[in-house]
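Enquirer: So that we are looking at the same thing, I have put the structure below in structure tokens.
FYI, it's all coordinate maths here, none of it is from the lab. Since the model is a prediction, treat every value here as computed from it, not as a measurement. Cβ sites come from the backbone with ideal geometry, for glycine too, and all protein chains shown count toward neighbours.
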Amino acid sequence: MNFRGVCGLSLSFMVTACATAYTQLTDPYDTDLANCPDLHTIANVYSGTLLDLACIPAENAGFFCLVDLPMSLMADSMVLPLSVYRQIKVGPWYDQDVCLQRAADVLPL
């Protein structure tokens with residue numbers, strides 16, 4: 001394999017399925033509660049794919065979300081049993097109403 005092939009393969013592994021890893025490993029409400037993104041609801045099942053689809057229209061990140069989409073779809077399929085369990089036990093990964101309620105509880109008016 002030539003140098004370009006190795007670099008291309010390395011780059012593709014570094015930037016793929018980032019949304020799936022993000023949604024499976026983080027709590028969306030631990031960040032800045034004053035900024036609840038207008039995503040409405042993102043389920044735990046296929047959450048990385050849904051997050052990529054939500055960010056494709058974004059001006060700056062849309063291309064990277066489009067590149068990440070196929071690998072997130074595959075990674076979400078691999079973690080499907082875990083995400084179904086989490087969907088049943090915890091509910092959606094992100095819900096704007098929950099975020100706004102937590103922000104109201106934490107931030108005094």
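Enquirer: Among all residue pairs at least 6 apart or on different chains, which show Cβ distances below 6 Å where the first residue, located in region 80-103, is charged (D, E, K, R) and the second is in a helix (DSSP H, G or I)?
Expert: R102/Y29
Enquirer: When you look at T49, is it touching a strand residue (DSSP E or B) at 6+ places or on another chain (Cβ under 7 Å) and under 27 Å from R102 (Cα atoms), yes or no?
Expert: Working: touching a strand residue (DSSP E or B) at 6+ places or on another chain (Cβ under 7 Å): no; under 27 Å from R102 (Cα atoms): yes.
In short, no.
Enquirer: Related question: Can you tell me which residue within region 71-109, out of those that are under 13 Å from the mean Cα position of the chain (by Cα) and in a helix (DSSP H, G or I), is surrounded by the most Cβ atoms within 10 Å (Cβ to Cβ)?
Expert: S72
Enquirer: Only one of (1) of a type in the set (D, E); (2) in a loop (DSSP other than H, G, I, E, B); (3) surrounded by 13 or more Cβ atoms within 10 Å (Cβ to Cβ) fails for D68. Which number is that?
Expert: If we test D68 against (1) of a type in the set (D, E); (2) in a loop (DSSP other than H, G, I, E, B); (3) surrounded by 13 or more Cβ atoms within 10 Å (Cβ to Cβ), just (2) comes out false.
Enquirer: Ok, one more. Search region 54-76 for residues that are farther than 9 Å from C18 by Cα and pair each with any residue that is surrounded by fewer than 17 Cβ atoms within 10 Å (Cβ to Cβ) and of a type in the set (F, W, Y) when their beta-carbon atoms are under 9 Å apart and the residues are at least 6 apart or on different chains.
Expert: C55/F64; I56/F63
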